[in-house]
């Protein structure tokens, strides 16, 4: 009861009083321009650290506008990362080349069924690639993004991961040691930080795997720490991997 009566407020680092926020002149904020003067007059900039949403009907020119903004940003001396889950990287690259080439640099072709279409000639694409090399980076959608690599950087190091899961999913989670004896212990917690399941590597230089059926939709925490506090340092590397667990039944052949 005394703990409740004498409870004190604990400051939250990510919360600040309205009156303590520093004054800001938006003209001093960093950002990029679109290169379209009427639009830049209204927007001033697309400011770093903000989310800008561009909407419109299908085939209204949204992708073309974004590609023009990318080109203008690079011309202003900034590098760009293009992330798209709508189109594969080859389609994103092809569309970017098409916009940058312009009508005068397109070649006309005829399909097998007699329909005309346009392509960017090889030499034109080569010049575009040479100019934008090391300036434009595109998300590679064929690369698996279900693993992360880390290390046990100091004694008693603990790493936390937040992930979303769907009820009924059968997950296989692995903490795969790569170097330095990074054998790990894994624990899964629900959003109330109640531990649901745990496992650990059977020894040094061993990986740990956890098979788990998700009890309910929601956010979960994965906690990892070395099985021995003496395992530490930048060389104690491990990889976190998560995927769907699958069962295979092989026939038994008796002779």
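General remarks:
- Residue in the range 50-62 that is under 23 Å from residue 80 (Cα atoms), touching a helix residue (DSSP H, G or I) at 6+ places or on another chain (Cβ under 7 Å) and surrounded by 13 or more Cβ atoms within 10 Å (Cβ to Cβ) present: no
- Filtered by the rule that a residue be at pLDDT 85 or above and surrounded by 14 or more Cβ atoms within 10 Å (Cβ to Cβ), the range 166-184 gives 171, 172, 173, 174.
- Which numbered condition residue 50 misses (of (1) closer than 26 Å to residue 123 by Cα; (2) free of Cβ contacts under 8 Å to residues at least 24 places away in the same chain; (3) in a loop (DSSP other than H, G, I, E, B)): (1)
- Residue check for residue 19: over 21 Å from residue 75 (Cα atoms) and at pLDDT 90 or above: yes
- In the set 80, 16, only one residue is surrounded by 10 or more Cβ atoms within 10 Å (Cβ to Cβ) and in contact with a helix residue (DSSP H, G or I) (Cβ under 9 Å, 6 or more places away or on another chain); that residue is 80.
The values are calculated or read from the model by the stated rules, or taken from the named source; none is laboratory data. Source: prediction; values computed, not measured. Ideal geometry is used to build each Cβ from the backbone, glycine not excepted, and the neighbour counts take in all protein chains shown.
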